[in-house]
Amino acid sequence: MKLPLGRQPSRDEQETIAAEGIDNWNTYLRRFPKAKDRDRDRALVEWSGEGSIIRNIYGEEYIDCLGGYGIFSLGHRHPEVVAAVKEQLDRMPLHSQYLVNPITAEAGRRLAEVTPGSLRRTFFCNSGTEAVEGALKLARLYTRRRGFISTENSFHGKSMGSLSVTGRQVFREPFQPLLQDVTFVPYGDAAAIGRVIGRDTAAVILEPVQGEGGVIVPSDGFWPEVREICSKHDVLLIADEVQTGLGRTGALFGVNHWGVVPDILCLAKALSGGVVPCGSFTTTDEIFASFHGNPMWHSSTFGNNPLAATAAAKAIEITVRERLPERAARLGEGLLRRLRSLQAEHPWAILDVRGKGLLIGLEMRDEALGAALAEKLYARRVLVAYALNRPRVIRIEPPLNIPEDLLDRLVEALHEALPALRD
Ligand SMILES: Cc1ncc(COP(=O)(O)O)c(C=O)c1O
């Protein structure tokens, strides 16, 4: 396929790119056994993104209310992130791994400035699952214990370690045996953690709000109680902020809502600035010192790369400067209110509306209704998707800087789509 560079594709080129794109996707990448009609739809071929808008190859615009499952907190191609990354690309995209890279060091400092409490030592990696893997290993190193406590319906990633603490059987089952020392308790139940925590527990791992579990917001007492239990037993508390981090829930970090300082905090998704994948886990000097025994116990070739670090440092700077967490809180409250009135109009379709900031879940009465609603919104050029662990929940996770009129259009599209679900 020959791609037009620096200009819009002609009509013929659009057709060729769309046809080849669909064909290559289905031949080389698709994991579902059989292509559905939808998989042959050429309009599905995406071409560009800008702010809260995605354009397909034909130039048709979609409002991105999915935000790449949490990647696009700053929208697509934030100009400042793109400019900084381009500059770094022209100078030194990847690092020697021998010399000191000041850009990555700067990103570490920026993270330390904003992470809660005395969390200030960071390990950079490339994805959420790697951030969780590293956090689990560090917890074992520091405590010299083996066990983990996680929650039912949690999602922490799909590599072997993070999958071991992911609370969804259907993802785990084919890959057993995973880590053996993991106990799952219901999310939001601090007393249950208190009952199973023991002398061999290294860490408790939790999402501030369960994202893939269907946007489950815990009671205000939950995190502070878990913090207390962990401290009492000298067990580390790992906050998996891969989805909630950097403003998504209306605070820079989800744990900030409850004034809790975890021992390790994991990030990814939005840390990329929507431009270059980046993950991290951050901890205290004392816990990080566990790596001193052998700094090569944990390492990553691409982990500290300056291109990703540039994106991360810019993402943090912009999020703080533009007060995006506050904006997410305000817009989220308004949107929740409007969605609740939609629920009151269509109680036969919507079972619950919940969320925090701009991490919002619309729980439909069943999975088929959820899938049909996502399709109807797609037909109206609005992108949403279901939560991985609870597919009847439609998640709404737009960029934190989304123009308000685009949220109005989301609500309008829902107004039109919901009655059509009865047809
Ligand atoms: C809370 C949480 N942790 C970890 C992950 C895994 O991140 P990644 O897909 O980048 O490996 C996800 C992904 O959705 C997530 O939501």
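For this structure, a couple of remarks:
- Selection within the stretch 275-309: residues that are touching a strand residue (DSSP E or B) at 6+ places or on another chain (Cβ under 6 Å) and small (Gly, Ala, Ser). The member of this set that is surrounded by the most Cβ atoms within 10 Å (Cβ to Cβ) is Ser280.
- Looking across the stretch 112-134, the residues that are touching a strand residue (DSSP E or B) at 6+ places or on another chain (Cβ under 6 Å), closer than 16 Å to Asp240 by Cβ and away from the ligand (no atom under 16 Å from the Cβ) come down to Thr115, Leu119, Thr122.
- Helices (runs of 4 or more DSSP H) contained in the stretch 139-252 and holding at least 3 residues more than 16 Å from the ligand (Cβ to nearest atom) and assigned by TED's automatic domain parsing to the domain that holds Lys269: 190-196, 222-232
- Test: residue in the stretch 24-43 that is touching a Lys or Arg at 6+ places or on another chain (Cβ under 6 Å), of a type outside the set (A, V, I, L, M), under 29 Å from Glu397 (Cβ atoms) and free of Cβ contacts under 8 Å to residues at least 40 places away in the same chain: no
- Residue satisfying all of: in the stretch 83-92; under 24 Å from the mean Cα position of the chain (by Cα) and in contact (Cβ under 8 Å) with a residue 60 or more places away in the chain; nearest to the ligand (Cβ to nearest atom) among these: Val85
- Selection within the stretch 1-36 - of a type in the set (D, E, K, R) and surrounded by 10 or more Cβ atoms within 10 Å (Cβ to Cβ): Glu13, Glu15, Glu20, Asp23, Arg30
- Test result for Thr143, in contact (Cβ under 8 Å) with a residue 24 or more places away in the chain, more than 19 Å from Ile264 (Cα to Cα) and of a type in the set (Ser, Thr, Tyr): no
- First in the stretch 227-251 and within 24 Å of Ile316 (Cβ to Cβ) and of a type in the set (Ser, Thr, Tyr), second anywhere and assigned to a helix (DSSP H, G or I) and at pLDDT 95 or above, Cβ under 6 Å, 6 or more apart: Thr244/Gly254
- Listed conditions (1) surrounded by 18 or more Cβ atoms within 10 Å (Cβ to Cβ); (2) in contact with a helix residue (DSSP H, G or I) (Cβ under 6 Å, 6 or more places away or on another chain); (3) in a helix (DSSP H, G or I) are all met by His257, apart from (2).
- Among the candidates Leu414, Leu410, the residue that is hydrophobic (A, V, I, L, M, F, W, C), out of contact with any Cys (no Cβ under 7 Å at 6 or more places or on another chain) and either within 22 Å of Asn153 (Cβ to Cβ) or not assigned by TED's automatic domain parsing to the domain that holds Ala112 (or both) is uniquely Leu414.
The values are calculated or read from the model by the stated rules, or taken from the named source; none is laboratory data. What you are looking at is a predicted structure, and each value in this text was computed from that prediction instead of being measured. We place every Cβ from the backbone using ideal geometry, glycine too, and count neighbours over all the protein chains shown.
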